[in-house]
1. Residue by residue through region 21-38, note down the ones that are open to solvent by 60 Å² or more (accessible area, probe 1.4 Å) and either among the hydrophobic types (A, V, I, L, M, F, W, C) or in a loop (DSSP other than H, G, I, E, B) (or both).
2. Which pairs turn up if I take residues in region 1-25 that are in contact (Cβ under 8 Å) with a residue 60 or more places away in the chain and look for partners that are assigned to a helix (DSSP H, G or I) and open to solvent by 60 Å² or more (accessible area, probe 1.4 Å) with beta carbon separation below 7 Å, at least 6 apart in sequence or on another chain?
3. Taking region 39-58 as the search range and keeping residues that are free of Cβ contacts under 8 Å to residues at least 24 places away in the same chain and assigned to a helix (DSSP H, G or I), which one is least open to solvent (accessible area, probe 1.4 Å)?
4. Are there any pairs, at least 6 apart or on different chains, whose C-beta atoms fall under 6 Å, with the first in region 59-74 and touching a residue at least 24 places away in the same chain (Cβ under 8 Å) and assigned to a helix (DSSP H, G or I) and the second among the β-branched types (Val, Ile, Thr) and surrounded by 11 or more Cβ atoms within 10 Å (Cβ to Cβ), and if so, which?
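The values are calculated or read from the model by the stated rules, or taken from the named source; none is laboratory data. The structure displayed is predicted, hence computed values, not measured ones. Using ideal geometry, Cβ is built from the backbone for each residue, glycine included, and neighbour counts are taken over all protein chains shown. Just the protein is used for accessible areas: all its heavy atoms, side chains included, with ligands, DNA and RNA removed. Shrake-Rupley method; radii C 1.70, N 1.55, O 1.52, S 1.80 Å.
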Amino acid sequence: MSVISGMAIFFIIWWTSLFAMLPFGLRTQAEENHIVRGTVASAPARPRIWLAFLRTTIVATVIFGLFWFVTQKLGFGLDDIPHFFPDL
């Protein structure tokens, strides 16, 4: 795997992990009983986006490390997935 390929795969994993990690630790304005006029009650009370980015980076790094280990050290790839359907 080249460096550019690794960076692209890490970015895809990071972006996917971001949307999975965003709801963790989120407190809405309705839960805080302080709704700012002009916003919906489900808006974040304190959007700590940098904390979400940090958590996402940690999770994505672990997932990418597992991916790299399985593909580079153990040698598994797409050709190792069983082929269930016949070629037409």
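1. Of region 21-38, the ones open to solvent by 60 Å² or more (accessible area, probe 1.4 Å) are 22-24, 26-27, 31-38.
Listed by number, the residues that qualify are LEU22, PRO23, PHE24, LEU26, ARG27, ASN33, HIS34, ILE35, VAL36, ARG37, GLY38.
2. Qualifying pairs under 7 Å: MET1/GLN72.
3. Within region 39-58, the match that is least open to solvent (accessible area, probe 1.4 Å) is ILE49.
4. ALA60/ILE13; ILE63/ILE13; PHE64/ILE13
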